[in-house]
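Below: one structure, written as structure tokens.
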Amino acid sequence: MKIDVIGSGSAFSKRNNTSSIRIIDCQQNQWLIDCGPTVPRAIWQRSIGVNDIQVIYFTHIHPDHSSGLAALINQWKSFNRTEPLTIFCQAEQQQPLKALVELAVWPETQVCFEIHWQDIADQFEWKHWHIRTANTQHEMANKAIRITADEKTLFYSGDGRPTAASQSLMKDVDMAFQECASFEALSNDSSHGDLPGCERLLVDTGAKALGIYHCFDEAIPSLLQAVRDIPDMFLSRDGLLLDLDDIDLSHHAFDSLSIGQGGKV
């Protein structure tokens, strides 16, 4: 399983793309998780083919996680995508996403490829992937996701403070990405994660590696300094490529990667 960090930034980041990852399995199946406003351009810069991404999974539909859908669908239509697309989202959040698809092709009414809308269940299968989801603590219902495929397991939180259910999804994963807005501890009723909470998560879940992301810009220097002293935790960044079949998860493995531009593990 390979992970391409399309974006790692918070909603209004001036330095990073809005948070999104692309997942590629050993059969070249590809998912995109979340699609905020800066994600389509980052995808185009990678020269990803218009038919390559088979699924978009929306953790929730705050604009920084969903508003790029119109531009992406418009580009795929303009460059003649032919393969069907599956969109996973929460049932009550489907209509605004459908409106973005309508905007993408307006004044026309038809997309040149099939779009299959699927509700997010607590547990489901896709091809040979086994998927579990759970709510985090966020101002809008947000579905964290755990994907098991090719004998590897990935957790991605979307937005929000961890809950007992989302923490359970993180148990013993090979790689976890947890939203961590703040260096300082936030109140227990906050909609966002923080570094002290992420440190506890890493210990309590037994995750082999934990990447923090969706960090407020002003918190990034302090977070970068802090993770150098926390085994198996790293600060995610735009352009980070991870291959879970060939990765060194030892202490400090990610230090230099959190500083530079681009790079592969």
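The values are calculated or read from the model by the stated rules, or taken from the named source; none is laboratory data. From a predicted model like this one, the values you see are computed outputs, not experimental measurements. No Cβ is skipped: glycine too gets one built from the backbone with ideal geometry, and neighbour counts run over all protein chains shown. Ligands, DNA and RNA are stripped out before the accessible areas are found, and what is left, the full protein with its side chains, is counted by its heavy atoms. Shrake-Rupley method; radii C 1.70, N 1.55, O 1.52, S 1.80 Å.
Among the lysines of the chain, pairs at least eight places apart or on separate chains and with Cα atoms under 22 Å apart come to 18.
Distance between Cα centroids, region 168-240 to region 42-66: provide it in whole Å. Using only Cα atoms to place each centre, the spacing works out to 23 Å.
Can you give the convex hull volume of the alpha carbon atoms of region 141-184 per residue, in Å³? Spell out each step's value before the answer.
Details: hull volume 3.5 nm³, N = 44.
Per-residue hull volume (Cα only) is 79 Å³.
Using only side-chain charges placed at the Cβ, +1 for Lys and Arg and -1 for Asp and Glu, the dipole size of region 2-256 relative to its Cα centre rounds to 460 debye.
Where both residues lie in the chain, what percent of DSSP beta bridges are antiparallel, nearest 5?
Details: 28 of 53 bridges.
Roughly 55 percent of the beta bridges in the chain run antiparallel, per DSSP.
Solvent-accessible area per residue in the chain equals 43 Å², computed with a 1.4 angstrom probe and all protein chains kept. Working value for region 148-252: equivalent-ellipsoid semi-axes of 21, 16, 12 Å, each the square root of 5 times a Cα gyration tensor eigenvalue, largest first.
Between the helical axis of 94-105 and the dominant principal axis of the chain, each derived from Cα atoms, what acute angle in degrees is found, rounded to the nearest 10? For helix 94-105, the angle is close to 60 degrees.
Backbone phi angles across region 150-157, fed through the Karplus curve with coefficients 6.51, -1.76 and 1.60 (θ = phi - 60°), yield HN-Hα couplings of 6, 6, 10, 10, 10, 10, 9, 7 Hz in residue order; Gly and Pro are listed as x. Over every Cα atom in region 1-142, the radius of gyration and the widest Cα-Cα span, Dmax, amount to 14.4, 39 Å. If r is the Cβ-Cβ distance from Lys208 to Asp122 and R0 is 35 Å, what FRET efficiency results, to the nearest 0.05? Efficiency computed from Cβ-Cβ geometry: 0.90. Against the chain, whose longest principal axis comes from its Cα atoms, helix 195-205 is set at around 90 degrees. Taking all protein chains as present, what is the carbon and sulfur share of the accessible area of region 2-256, in % to the nearest whole number, probe 1.4 Å? Carbon plus sulfur share of accessible area: 49 percent.
Comparing Gln118, Gln27, Gln94 in a Gaussian network model of the chain (Cα springs below 10 Å), the most mobile by mean-square fluctuation is Gln27. In this structure, the amide hydrogen of Ala176, modeled 1.01 Å from its nitrogen in the peptide plane, lies closer than 5 angstrom to those of Phe155, Ala209, Leu210, Gly211, counting only residues at least 5 positions away or on a different chain.
Springs between Cα atoms under 10 Å define the GNM used for the chain, and in it the highest mean-square fluctuation of Ile24, Ile73, Ile115 occurs at Ile115. Against the chain, whose longest principal axis comes from its Cα atoms, helix 69-78 is set at around 50 degrees. With the helix formula -39500 (n - 2.57) applied to DSSP H stretches of n ≥ 4, the chain reaches a computed 222 nm mean residue ellipticity of -6000 deg cm²/dmol.
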